[in-house]
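Just so it is clear, none of the values below were taken in a lab; they were calculated from the coordinates. Not measured: the values here are computed from a predicted model. Positions of Cβ are generated from backbone atoms using ideal geometry, with glycine treated the same way; all protein chains shown enter the neighbour counts.
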């Protein structure tokens, strides 16, 4: 079974998640935006061997620590979708813009596309391409665990911003309704910021997608 623990990192309090297979203790880190010592200490405490980095998208609060962590642990960077290449190329500029320490751009070991899958130990997660917040945003869905790691597509009571370069409101709403809702109302999602919720709860109460 896939397990996970979420660790808020960076001044943006971005939800970085360590996910692992409880049979093999092989794991991955989703969106290591920064605070790498905190992430590595959490993995060690959990007894998880980090074997890959999974990225939902390439905004700095999600991807800023990727190059350094990949080099430090000699592990691959998987994702996001190629539509976010320009955000990866702009990581250094993003750091300067927010007054953060310098970060490195990188080339993912593997780009992801809609319908792909990623393996974490003996657990499999399905990849859905969910543009709108960024053009190359992806979501990781574990059907066995009833969990989805959705980055900045959807939040408890809100949705992702669409005013950044490459963002589009209508595209984001389509991603939510066409790619997320079919995962089922009972699916609990881990957003890029803030508390967890379920797709069913958001369909009932979230003013941005209520009734969709």
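Structural remarks
- Expected 222 nm ellipticity per residue - DSSP helices of 4 or more, -39500 (n - 2.57), all of the chain, to 500: -6000 deg cm²/dmol
- Each residue in 203, 179 was given a count of other beta-carbon atoms within 10 angstrom of its own, and listing them fewest first yields 203, 179.
- Residue among 199, 98, 106 with the largest mean-square fluctuation in a Gaussian network model of the chain, springs linking Cα atoms under 10 Å: 98
- Extension gain from residue 92 to residue 107, taking 0.36 nm per residue of separation minus the Cα-Cα distance: 4.0 nm
- Simple label model, 7 Å out from Cα along Cβ direction - residue 114 to residue 23, nm: 3.1 nm
- When every Cα-Cα distance of region 64-139 is counted in 5 angstrom steps from zero, the calculated P(r) takes the values 3, 15, 21, 22, 21, 11, 5, 1, 0 percent.
- If you take the Cα centroid of region 5-41 and the Cα centroid of region 89-144, the two points sit 14 Å apart.
- Share antiparallel - DSSP beta bridges, region 62-212, percent rounded to 5: 75 percent
- Length-normalised contact order for region 1-108 - Cα pairs under 8 Å, 6+ apart - percent: 20 percent
- From the C-alpha gyration tensor of region 108-212, square roots of 5λ in Å: 21, 18, 11
- Here residue 5 and residue 168 are evaluated by their C-beta separation; at R0 = 35 Å the FRET efficiency comes out at 0.60.
- Max mean-square fluctuation residue, GNM over the chain, Cα-Cα springs under 10 Å, options 79, 115, 200: 115
- Residue 212 versus residue 156: modelled label distance in nm, points set 7 Å from Cα along the beta carbon direction: 2.0 nm
- Counting only Cα atoms, the size of the chain along its three principal axes is 46, 42, 28 Å, in decreasing order.
- Sites residue 145 and residue 68 - FRET efficiency at Förster radius 30 Å, r taken between beta-carbons, to 0.05: 0.55
- A crude spin-label estimate for the pair residue 205 and residue 181, with each label 7 Å from Cα along the Cβ direction, gives 1.9 nm.
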